[in-house]
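Heads up: the structure comes next, in structure tokens.
Please treat every number below as a calculation from the coordinates, not as lab data. Only a predicted model underlies this, so the values are computations on that prediction, with no experimental measurement involved. No Cβ is skipped: glycine too gets one built from the backbone with ideal geometry, and neighbour counts run over all protein chains shown.
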Amino acid sequence: MAERKIIFVPSNFLHPDGAAVFAGCPDIEIVYALSEQERAEMRRSPESRRKLQAKAQEQLDQALPRIHGLFAMGLMGHLPVTAEMMDRAPNLEVIFIPAAGTDRIDTAAATERGIVVLNAPNGNANSVAEHTVGLMLGLCRRIAERDRAIHRDKKMDMMAVMQRGTPLSNLNGKTLGIVGYGFVGRTIADMCRRAFAMKVIAFDPFFDPIEAERQGTTLIDDLGEMLAASDFVSINTPLMAQTRGLIGREQLARMKKTAFLINTARGPVVSTDALVAALREGVIAGAGLDVTDPEPLPDNHPLFDFDNVIITPHLGGNSPETFRPCSVISSRLALDVLRGKRPSNMTNPAAWERLTARLARQASAR
């Protein structure tokens, strides 16, 4: 009988339907870092999470030498997977995550070692897109700011919104600039065109401009030109070497004073210091941030001082409706890898040939 392949799950973020993908496979075994009761208890308190996180890390360290698959979601979110960890996992074939972002996984190291990295393409695009639109509405209609003030003061000042702060505005008919026209960017564009008759422009050097035009979006080659034309700028690019610090002081200065910046992608795409300075100096009208750099922000960070900033704790892609499909998509792709079948989507397709060659060498050495 063939050796059973072990998938290690360090958290409670593998949906039962994702686990069910492997349930009927006698050659696959799922090993959880925590018991079912511990996985249920992890939400009770920060102290409980810290204790369970330490235990999960200990279990992972012990399991690395014998695992074939790693589910890359820890108790605190995306699990860092380093080259050093891969070197301690000689049997590792696949790292999979039920999300779009793989920036906490050393993908270059995985490719070099013949380890396939998988995500859940398009699994949470609708959720992130809805969150983006929610931040846009919250800013231009000043929903969050007025709500905070009313709860703080315990009274309703009907004229305050007219007397101070950024003037109220609408989404309807405005120009939306999207940085990164992938699954999420395209979903936001579709929502904003249909619901608010917005004009959509985008900056994405990798997307076909003819296809974008067919969808109703105009690609602009120059990032600064796109920023200058936008009333709302939505950051939806993955975090890579080319996008780290993509939006800095110079780029923010190109935006309209009445424009809002929305980031639901990754915090380091936007320079935090440059954003704080732009907000202080009135360079832009405000910002909606579901991601920050660092993440989480330390207590008393300057961004907490601005009424025209909405901050949410990286929850744009989270909802029960996305939890299941993201787990199922990534689990099915991981099962393909473990069964020796080339998956339909890989973050690092160059790893596939290296993996098959490595497995062939291991088989001949037996």
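Take every DSSP beta bridge whose two residues both sit in the range 125-311; close to 0 percent of them are antiparallel.
Listed by chain and number, the lysines whose C-alpha is less than 22 Å from the C-alpha of K341, apart from same-chain residues fewer than 8 away, are K5.
Scalar couplings 3J(HN,Hα) for the range 179-186, obtained by applying the Karplus form with A = 6.51, B = -1.76, C = 1.60 to θ = phi - 60°, are 9, x, 9, x, 4, 5, x, 5 Hz; x denotes Gly and Pro.
Put simply, the amide H of V117, placed in the peptide plane, has neighbours under 5 Å in I95, T347, N348, leaving out anything fewer than 5 places away on its chain.
The distance separating the Cα centre of the range 1-47 from that of the range 267-285 comes to 41 Å. Which value, in Å to one decimal place, does the Kirkwood hydrodynamic radius take for the chain when every pair of different Cα atoms is included? Roughly 22.2 Å, rounded to one decimal. Counting neighbouring beta carbons within 10 Å and listing from fewest to most, the residues C25, C140, C192 come out as C25, C140, C192.
Taking amide H positions as modeled 1.01 Å from N, with prolines and chain starts lacking one, the residues under 5 Å from I311 and 5 or more places away or on another chain are L289.
Taking each residue as 0.36 nm, the span from R141 to D307 lengthens on full extension beyond its C-alpha to C-alpha distance by 58.5 nm. Computed from Cα positions, the angle between helix 46-63 and the longest principal axis of the chain comes to roughly 40 degrees. Of the peptides 356-365, 323-332, the order by per-residue mean of other Cβ atoms within 10 Å, starting with the highest, comes out as 323-332, 356-365.
Tilt of helix 125-140 relative to the longest C-alpha principal axis of the chain, in degrees (0 to 90, nearest 10)? Helix 125-140 sits roughly 20 degrees off the main axis of the chain. Exposure proxy for I220, I235, I210: other Cβ atoms within 10 Å of each Cβ, ordered fewest to most, give I210, I220, I235. Between the alpha-carbon centres of the range 64-136 and the range 151-226 there is a gap of 29 Å. Listed from fewest to most Cβ neighbours within 10 Å, the set M73, M191 follows the order M191, M73. Whole-percent P(r), the range 22-77, all Cα pairs, 5 Å bins from 0: 4, 17, 27, 23, 16, 9, 4, 1. Computed from backbone phi with θ = phi - 60° and the Karplus coefficients 6.51, -1.76 and 1.60, the 3J(HN,Hα) list for the range 150-159 is 5, 5, 5, 8, 6, 7, 10, 9, 5, 9 Hz; x is used for glycine and proline. Listed values for the range 334-339 are Karplus-derived 3J(HN,Hα) couplings in whole Hz (6.51 cos²θ - 1.76 cosθ + 1.60, θ = phi - 60°), namely 5, 4, 4, 4, 5, 8, and x replaces Gly and Pro.
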